[in-house]
Amino acid sequence: MEQIYALGVSYIEFVQHWFSESEDFFEFVNHLSNPHNVVEVLFPLVSIVDSAFAAQLLLCLAFGGWLNAIMKWWLLEDRPYWWVQETSFYNGTRRPHLHQFGQTCETGPGCPSGHSATAAIVLLLGIMWISHVMSDRNCYIWWWKLVAYPTSGFAILSVMFARMYVATHFPHQCFLGVMIGSFLAPALCIYVSDPYIWEYGPGGVETGRARVWHVVCALLTIAISVVTYYSLKLCGVDPQWTVQMAFRWCERPDEIHVSTTPLFALVQTTASLLGWALCVTPAVAQYRHYTRDRSLILSAFSTAIILYIFKHAQDNINRSDAICFYSLQFLLNTIKPALLLRLAPAIAMWPYSAQTKIKTN
């Protein structure tokens, strides 16, 4: 791996040199593709317009985030900005200097890249959603793929270069992240969420049994996370050693955020998976994008109120007690999907409920 890392460092030096005037662009791309920001911002925005698509987005992001965090612990790879300082590979030769930026100080192991995986998931789901909307509304535009595919390719490449530019990932880590995201998005939609939400497939879908299976799978991800954590400790590996590396070699330690730690990612993603399993049923299909009996204003207002309450609750969690902090984070992230995917849409459809009953009668 030393040879691969050294080759990756050389490539990062090249990227930082030739794109030295693109710092603002790459910082923006990094911020936009941040998995935590996508879950906290994009998911609620999508839920306002289309709860069915938002449910698919949350499933892919949560499972992808969980798999990313677990693989980081399984592979235990370094990140460029601390490896180049720790390694003995350059003894007797010039040690490369990698510039650090505002988003360099990630605390988890380096492989795979969560930003790259998230970008691939979001872009592929976006293409699938556009195709679905056109099919529903019988409004097919033949040239849209000529625009969507090159734009998505450029966006994914931008994320990969952005992660290397800030010296957070080696090239192979970014590539692996894109591959994982490109696989998860269609797989989870075609084989998990689509047949369940739209109730199609051989013999239909038994909602009760499917929900139990989803809950069991969510609990299994929690069990795998716990087993992985304690297996590392039994093997003499500190699961938090990368946090120590970040504090040791980060030029501005105040830029280190708790949301970048593997433990926080696992708490957030497993809670979201459990919340998804408990609240998402075929009923979310009635809140899809072309539902007429739904107020977008009420949907946006109720979503904003929910997010404000959650933000206030998260900001007031006691951070001095780790067990209390992570327990409350898990509880909040478990409740959140039900409020955004079921409660907010129900409030948005409430003014039309009487009209719906009259039409039914």
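Derivation of every value follows stated rules applied to the coordinates shown; laboratory data play no part. Remember, it's a predicted structure, so these values are computed and weren't measured experimentally. When we count neighbours, we look across all protein chains shown, and the Cβ atoms used for this are built from the backbone with ideal geometry, even at glycine.
Details
- Exposed loop sites were defined as GluC sites (Glu not before Pro) in DSSP loop states (anything but H, G, I, E or B) carrying at most 15 other C-beta atoms within 10 Å; in the chain the longest segment without such a site runs 1-198.
- When trypsin sites (Lys or Arg not before Pro) are flagged only if DSSP places them in a loop and at most 12 other Cβ atoms lie within 10 Å, the longest unflagged stretch of the chain comes out as 95-291.
- Applying the Karplus relation 6.51 cos²θ - 1.76 cosθ + 1.60 with θ = phi - 60° to the range 254-270 yields 3J(HN,Hα) values of 5, 8, 7, 10, 5, 5, 8, 6, x, 5, 5, 4, 5, 4, 5, 6, 5 Hz, where x marks Gly and Pro.
- Candidates Val49, Val166, Val133: whichever shows maximal mean-square fluctuation once the chain is modelled as a Gaussian network with Cα springs under 10 Å: Val133
- The 3J(HN,Hα) values that the Karplus relation (6.51, -1.76, 1.60; θ = phi - 60°) gives for the range 307-313 are, in residue order, 5, 5, 5, 5, 4, 5, 5 Hz. Gly and Pro appear as x.
- Here the sum of -39500 (n - 2.57) over DSSP H runs of 4 or more residues, divided by the residues of the chain, equals -22000 deg cm²/dmol at 222 nm, to the nearest 500.
- Of the residues Ala210, Ala119, Ala344, the one that moves most in a GNM of the chain with alpha-carbon contacts below 10 Å is Ala210.
- Prolate/oblate/rounded call for the chain, Cα gyration tensor, a/c under 1.5 rounded: prolate
- Coupling constants for the range 191-200 follow from the phi torsions by the Karplus curve (6.51 cos²θ - 1.76 cosθ + 1.60, θ = phi - 60°), and in residue order they are 9, 10, 7, 4, x, 6, 5, 8, 6, 10 Hz; glycine and proline get x.
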